[in-house]
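To start, the structure itself, in structure tokens.
All of the numbers you see were taken from the coordinates with simple rules; none came from a lab. All figures in this text were calculated on a predicted structure; none of them were measured in a lab. Backbone-built Cβ (ideal geometry, glycine too); neighbour counts: all protein chains shown.
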Amino acid sequence: MTAVPAEADRYMLGSRSALAWLIDRYQVTTDKSSGITNDPNDWCDEHDDPAHIVELIKRVTTVAVETMRIVDALEQG
């Protein structure tokens, strides 16, 4: 992905940006004790929606940028 606005990293969920949280949650992981692999891409395949994760990142980026625009305007006014 390219052209993600820097403002998107300013929108925080706790101690990290919303995008960082999303990227962390949508990684392929394997549970050490059971060996079960969790692959978010499986959901996309099962629902015939290969662009789901990309579209989710776009939506979260839009919310983050617009929220920061509103917050900045409130702080100035």
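For the chain, a crude dipole built from +1 on the beta carbon of Lys and Arg and -1 on the beta carbon of Asp and Glu, taken about the Cα centre, is about 360 debye to the nearest 20.
In plain terms, the bigger the Kirkwood radius, the slower the diffusion; for the chain, with that radius from Cα pairs, at 37 °C and 0.692 mPa s, Stokes-Einstein puts D at 230 µm²/s.
Farthest toward the positive end of the dipole of the chain, out of ALA3, SER34, LEU13, is the Cα of LEU13, where the dipole comes from beta carbon charges about the Cα centre. The ALA51 and MET12 beta-carbon pair, evaluated with R₀ = 25 Å, returns a calculated FRET efficiency of approximately 0.40. Counted by neighbouring Cβ atoms within 10 Å, the residues GLU55, GLU75 run from fewest to most as GLU75, GLU55. Our helix-only sum for the chain, with -39,500 (n - 2.57) per DSSP H run of n ≥ 4 divided by its residues, gives a mean residue ellipticity at 222 nm of -16500 deg cm²/dmol. Phi angles across region 36-45 convert, under the Karplus curve 6.51 cos²θ - 1.76 cosθ + 1.60 with θ = phi - 60°, into 3J(HN,Hα) values of 6, 9, 9, 10, x, 5, 4, 4, 4, 5 Hz, Gly and Pro given as x. Highest average first, the peptides 64-71, 43-50, 3-10 ordered by how many other beta carbon atoms sit within 10 Å of their residues are 64-71, 3-10, 43-50.
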